[in-house]
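Shown next, in structure tokens, is the structure this report addresses.
Computed from the coordinates by the stated procedures, all read-outs in this text should not be read as laboratory data. Owing to the predicted nature of the structure, the values given are computational and were not obtained by experimental measurement. Cβ: placed from backbone, ideal geometry, glycine included. Neighbour counts: every protein chain shown.
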Amino acid sequence: MNSIIQSLLNHRSIRQFKDIPVTEEQLDTIIKAAQSASTSSYMMAYSIIGITDQQKKTELAEITNQPYVKDNGHLLIYCADLHRPAVKASKEEYKEMLPNLENSEHFLVSAIDAALAAQNAAVAAESMGLGICFIGSIRNNIERVDEILGLPDHVIPLFGMVLGTPDHSPDQKPRLPKRAIYFENEYQEHEQELDAFDEQILAYYQSRTSNSRNDTWTDQMRRRFTHPMRMDVTDLVQKKGFNKR
């Protein structure tokens, strides 16, 4: 097994960091790795915003309810960005572009481009011995995050990423079995695999070194999807000119 595969298989989310900033050389390499990710039709439909202003980091930590959003080696915010293609367009050209800028296809393209770039960045960071954690909770108040970052039309914040030198070594969470996520030729129901995974997760939570509890994966998913959450995201997404058609 080569070192890249080993690094991927060893991934875990890091939420405690030593007070050591990410160096400019490390950051440059991470961003270059992000930019090397595949991108649909050469659009590169994303932007990455590094947060170095401590006041902004503090407010983002309050929005996310995660103290490590403030205390880390560096904080990145990944944005879907369809503003760039229209920057040099005339008013007439922009009017012609608008149906494409606002459709669901290009909303998906920009979100996928950002996610691919972010995963490349994560792999690069971990290869250097840094730890990372994705931060979806910036969408707890997506409109305020949009304001903090000063994003123009056709740019929206998707998720954050904290990175830095790890200050803990958390247990690695099990993943769904292959037979629950990989199917040949067509989708296959897989309730038995979910039952087995629930047993594995229950044992994992009961034996965990911290935050031990009785819980299963399907119970977590039922709780998540029976309680409305972040219902304001759609409004902001459409207000900024995404996913309207």
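Considering only Ala121, Ala61, Ala89, give the residue with the highest GNM mean-square fluctuation for the chain, with springs between Cα atoms whenever their separation is below 10 Å.
With Cα springs under 10 Å in the chain, the top fluctuation among Ala121, Ala61, Ala89 is at Ala89.
Looking at the square roots a ≥ b ≥ c of the eigenvalues of the Cα gyration tensor of the stretch 43-183, which shape do they give, rounded for a/c under 1.5, prolate if a/b is larger than b/c, or oblate?
Verdict is oblate for the stretch 43-183.
Can you list which of the trypsin sites (Lys or Arg not before Pro) found in the stretch 157-224 are DSSP loop residues with at most 16 other C-beta atoms within 10 Å?
Counting only loop positions with at most 16 other Cβ atoms within 10 Å, the trypsin sites (Lys or Arg not before Pro) in the stretch 157-224 are Arg175, Arg208, Arg213.
Give the distance, in whole Å, between the Cα centre of the stretch 1-47 and the Cα centre of the stretch 147-191.
14 Å
Which angle from 0 to 90°, rounded to the nearest 10, does the C-alpha axis of helix 191-207 make with the longest principal axis of the chain?
Here the helix axis deviates by roughly 70 degrees.
For the chain, with a Gaussian network of springs between Cα atoms less than 10 Å apart, report the residue from Met97, Met43, Met221 with the top mean-square fluctuation.
Met221
Across 5 Å bins from the origin, how do the percents of Cα pairs in the stretch 158-245 run, short distances first?
Spelled out per bin, shortest first, that is 2, 10, 13, 13, 14, 16, 16, 11, 4, 0.
Can you give the longest stretch of the chain with no exposed loop site, where a site means GluC sites (Glu not before Pro) in a DSSP loop (not H, G, I, E or B) with at most 11 other C-beta atoms within 10 Å?
1-183
Provide the per-residue ³J(HN,Hα) series for the stretch 122-134, in order, calculated from phi with Karplus coefficients 6.51, -1.76, 1.60 and θ = phi - 60°, each as a whole number of Hz, with x at glycine and proline positions.
3J(HN,Hα) across the stretch 122-134, in whole Hz: 5, 5, 4, 4, 5, 5, 8, x, 7, x, 9, 8, 6.
Hey, what's the Cα Rg ratio for the stretch 113-177 versus the globular rule of thumb, 2.2 N^0.38 Å?
Here the Cα radius of gyration is 1.35 times the empirical estimate.
Quick one: angle between helix 54-64 and the longest Cα principal axis of the chain, in degrees between 0 and 90, rounded to 10, please.
60 degrees
May I ask you to sort Leu82, Leu27, Leu8 by Cβ crowding, counting other Cβ atoms within 10 Å and putting the fewest first?
Least to most surrounded, the residues fall as Leu8, Leu27, Leu82.
Fewest first, what order do Val123, Val22 take by the number of other Cβ atoms within 10 Å?
Ordered from fewest to most neighbouring Cβ atoms within 10 Å, Val123, Val22 come out as Val123, Val22.
Would you grab the residues whose amide H sits under 5 Å from the one on Ile132? Only those 5+ places off in sequence or on another chain, please, with H modelled 1.01 Å from N.
Ile14
In sequence order, what are the phi-derived ³J(HN,Hα) couplings for the stretch 105-120 according to the Karplus relation 6.51 cos²θ - 1.76 cosθ + 1.60 with θ = phi - 60°, rounded to whole Hz, with x for glycine and proline?
For the stretch 105-120, the Karplus-derived couplings read 4, 7, 4, 5, 4, 5, 5, 5, 4, 5, 5, 4, 4, 5, 5, 4 Hz, x marking Gly and Pro.
Less than 11 Å Cβ to Cβ from Gly73, Lys/Arg counted +1 and Asp/Glu -1: what total charge do the surrounding residues give?
Net charge around Gly73: -2.
In the stretch 1-102, which trypsin sites (Lys or Arg not before Pro) fall in coil by DSSP and have 12 or fewer other Cβ atoms within 10 Å?
Lys88
Which angle between 0 and 90 degrees, to the nearest 10, do you get for helix 217-226 versus the longest principal axis of the chain when only C-alpha atoms count?
40 degrees
Search the structure for amide H atoms under 5 Å from the amide H of Asp81, placed 1.01 Å from N in the peptide plane, and list their residues when 5 or more places away or on another chain.
Result for Asp81 returns Tyr46, Ser47.
Per residue, what volume in Å³ does the convex hull of the Cα atoms of the stretch 1-113 enclose?
173 Å³
Taking the simple approach of a point 7 Å from Cα along Cα-to-Cβ for both Ser7 and Ser210, what is their distance in nm?
The two pseudo-label positions are separated by 2.6 nm.
Towards the positive end of the charge dipole of the stretch 41-134, with charges on Cβ (+1 Lys, Arg; -1 Asp, Glu), say which of Val109, Ala86, Met97 has the farthest Cα.
Of Val109, Ala86, Met97, it is Ala86.
In the stretch 158-245, which chymotrypsin sites (Phe, Trp or Tyr not before Pro) fall in coil by DSSP and have 15 or fewer other Cβ atoms within 10 Å?
The qualifying sites are Tyr182, Phe183, Tyr187.
Could you run the Karplus curve 6.51 cos²θ - 1.76 cosθ + 1.60 with θ = phi - 60° over the stretch 69-83 and give me ³J(HN,Hα) per residue in whole Hz, x for Gly and Pro?
Working through the residues one at a time gives 5, 9, 9, 7, x, 5, 10, 10, 10, 9, 10, 6, 9, 10, 6 Hz.
Sorted from fewest to most neighbouring beta carbons within 10 Å, what does the list Phe107, Phe134 look like?
Neighbour counts put them in this order, fewest first: Phe134, Phe107.
Find the percent of Cα-Cα distances in the chain that exceed 32 Å, and round it to a whole number.
Beyond 32 Å sits 30 percent of the P(r) for the chain.
Over the chain, with a Gaussian network built from C-alpha contacts below 10 Å, which listed residue (Ile138, Ile201, Ile14) shows the highest mean-square fluctuation?
Maximum among the listed residues: Ile201.
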